[in-house]
Structures are given as structure tokens and as C-alpha cells.
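What follows is a short report on a single structure.
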Ligand SMILES: NC(=O)c1ccc[n+]([C@@H]2O[C@H](COP(=O)([O-])OP(=O)(O)OC[C@H]3O[C@@H](n4cnc5c(N)ncnc54)[C@H](O)[C@@H]3O)[C@@H](O)[C@H]2O)c1
Ligand SMILES: O[C@H]1[C@H](O)[C@@H](O)[C@H](O)[C@@H](O)[C@H]1O
């Protein structure tokens, strides 16, 4: 039987995930949807067979028609829905961020720890991207020696007018923080955020930013966020080791040579760049949950760790001072 998923939040990424679950992937169906804008939820449900529209996320989670929950509403609402799903004993996939404060993430961790098992997976899709997986495989093979530095460039062509300078840390660089922890296999220990000369196309935003992050063992992680770069959505990464270096390669299928120039494309946005990674992320989640297993992807601890780094980054953005990152003890549930 197909896994019956209930979706809370049918905005941009919610509808994209509904599309992939219903049109690209196998083993799941959208049994229920809700949105604070109920007309939007009804409109989305119209195009789906047998999908019920619920008045709010709590009714959807409590419904017998839903086996698993997908949270794609705004960040500040994530905590209440994730906690409700855990209380109902239902697996929950939560788009990033897990929650917007470290305290809220700790409450989610406490709920899982007291239940004694994992219910939550956080939407850090880069871990499912083939190029990032290859990068990690090379690092883990030891061929470049111990990693010493990691350069991570995260460039958006533009951002909405509601985007603030702090969002470059909490909304954008959060992916770079998570992927750095995952690639290097250790926690981040301190962060310093330095605004560069301001991009005049950025409407007053502190943009671009350079974030210098130290891991607990002293690897330096340099994160660049540029959110008004105009030329495309460009994600770059290179790890420098003791005896070699490995970088994400350019992604073009063809290499165009024309009129004295050599060129290739740059993705338009995150949907294009990570489309296959999102597909892989959800197919693996569906298969795991449908088999009755606990989720094995990014955990509540990973969501918490990323949020703590973001908090420290926002503090550093205000002063450009180095801010320590303090996580506390990792519960046994997340040590594997
Ligand atoms: N992994 C990624 O790369 C990625 C990309 C984009 C967005 N996201 C994350 O996904 C989430 C949604 O982003 P989006 O771009 O789709 O935003 P969006 O504004 O397009 O959609 C969010 C939807 O949630 C609804 N909503 C808000 N509060 C609600 C509530 N209490 N109950 C039910 N619905 C509610 C809104 O009405 C809206 O339709 C955010 O947390 C964002 O950070 C992740
Ligand atoms: O929510 C989006 C998303 O997380 C993208 O992956 C990131 O590149 C954008 O900067 C952010 O606004």
C-alpha cells in the first residue's frame, strides 16, 4: 500500500514536493493537504485524486488518513507541527529549518529522546546530490589526506524584497553549515561573519558575506553568500586536504565552443540545481518509512546543530566578532 502523506504548507516548495511525489517518485500518495491560506490548499487538492483538505495542520496530523507528515510551511511554524507529529507517533519530514530557535530544536530533540526513537528528517537536500556524495566519498577514502580547508560558495541570482541580511545566514548559508558538518564529519566550533564591499544591486542588504567557520578540530570553512549575483544559481565547493584537493565539478552535459568562446550553462535557481537531489531525498525517505524503519537522513540533532550555528552567525553579523558555537551533549539516539 502507498505511504499516505499529509502536507502542511502548499506554497512554493510544498507544491514542488507534491509534484515529485505524485509524478516522479513511487510508493507514496498525497492523502491530505492544508495551508494557512485554505483557498490555496483547495486549489492544489483539485488536481490530486482523493486528497482531503484539512482546516489546519493539527487536524491533518491527527487524521487516520495520514501515515506520515510533510512540513513545508513557514519556518516559525515548524516546531508545533513537528512536535504534534512526534506526539501522534507519525514520521515527519520537515523542510529546513527544523525550527527557528535553538530552544525550539531542543524541545523537538527532548520529545524524540523521550519517545526513544527517531521520527524526524530535516530537508537538507545537498546530502542527496550526486556531486556532494562523490565529494564526501573522496574525502572519506583518504586520498587527499586529512581535510584542512573547505570553500563553499552559495550564490543566488536574486532574492525577494522580504529577504533580510540575517537571512543570508539562517535561510541561505544554513545549507553550507549542514553540508560542512556532514562532509567533514565533525561539529563546527566558532564563526565570524564579514560583510564584503556591498553589492549595489542588493537594495541595502549586507551582501556578499564571507563566513569564516572553524570546526572543532580546526578545519577552516569559508562560506561565501552572494544573493544578488544575477548570472545564475551557482553552488561551488572545494575541500583542500594535506596532499590533494577535491571540488564539485561544473555540471554541464556539453561544452559549447562558439565565436572564440568556450561556455556552459548555470542553473537558474535551487529547483533546477537540486531537482534530482530532492527526488533522491524523498524516494529514500519514502522507502525507509514505508518499510517501517526510522528515518536515516538528517536528524533533529542535525537540524539543531545548524540552527545553533545560524544563531551564532547572526550574532557575529552584527559585530563581525568571532562567536563560539556551543551545542552541548549529543543524546545517544543521534550517535550512530
Ligand atoms: N531545501 C530548500 O532548498 C528549500 C527551498 C525553499 C524553501 N525551503 C523551506 O521550505 C519552507 C517553505 O518555503 P516556501 O518557499 O515554500 O514558502 P512559501 O511562502 O511559498 O510557502 C509556505 C506556505 O506555508 C503556508 N503556511 C504558513 N503558516 C502556516 C500554518 N501555520 N499552517 C499551514 N500553512 C502555513 C503559507 O500560507 C504558504 O502557502 C521554508 O521553511 C523554507 O526555508 C527549503
Ligand atoms: O530557501 C532557499 C533555499 O534554501 C535555497 O537552497 C537557497 O539557495 C536560498 O538562498 C534560500 O532562500
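Rg and Dmax of the chain, based on Cα coordinates, read 20.2, 65 Å. For the chain, the longest principal axis of the alpha carbon atoms and the long axis of helix 130-141 meet at an angle near 60°.
Between helix 174-184 and the chain there is an angle of about 70 degrees, using the helix long axis and the longest principal axis of the Cα atoms.
Placing pseudo-labels 7 Å out from each Cα toward the beta carbon at residue 254 and residue 291 gives an inter-label distance of 4.0 nm. Across the chain, C-alpha contacts under 8 Å between residues 6 or more apart give a mean separation that, scaled by the residue count, equals a relative contact order of 20 percent.
Put simply, when 80-91, 261-272, 20-31 are sorted by average Cβ atoms within 10 angstrom per residue, most first, you get 80-91, 20-31, 261-272. Beyond 14 Å, the tail of the calculated P(r) for region 11-70 holds 52 percent of the Cα pairs. Potential lengthening of the chain between residue 271 and residue 247 amounts to 6.5 nm, from the contour at 0.36 nm per residue minus the alpha-carbon distance. Label-to-label distance for residue 284 and residue 87 is 3.1 nm, based on points extended 7 Å past Cα in the beta-carbon direction.
Helical content alone sets the calculated 222 nm signal of the chain at -10000 deg cm²/dmol, taking -39,500 (n - 2.57) per DSSP H segment of four or more residues and averaging over every residue. The orientation-averaged shadow of the Cα convex hull for region 78-173, equal to a quarter of the hull surface, comes to 8.9 nm². Describe numerically, in nm with one decimal, the distance between label points set 7 Å from Cα along Cα→Cβ at residue 19 and at residue 164. So the two model labels end up 3.0 nm from each other.
Taking only C-alpha pairs under 8 Å that are 6+ residues apart, what is the relative contact order of region 9-71 in percent? Before the final figure, lay out the partial values.
Values: 64 pairs, mean separation 20.5, N = 63.
The value is 33 percent.
Across region 3-122, the relative contact order, built from alpha-carbon pairs under 8 Å that are at least six residues apart, equals 24 percent.
What number does region 3-122 give for Rg over Rh if you use C-alpha atoms and the Kirkwood radius? Working shown, then result.
Numbers: Rg = 13.5 Å, Rh = 14.1 Å.
Value, to two decimals: 0.95.
Here residue 113 and residue 231 are evaluated by their C-beta separation; at R0 = 35 Å the FRET efficiency comes out at 0.15.
Laboratory data are not the source of any read-out in this text; all were calculated from the coordinates shown. Quick caveat: nothing in here was measured; it's all calculated off a predicted structure. Neighbour counts run over all protein chains shown; Cβ positions are idealised from the backbone, glycine included.
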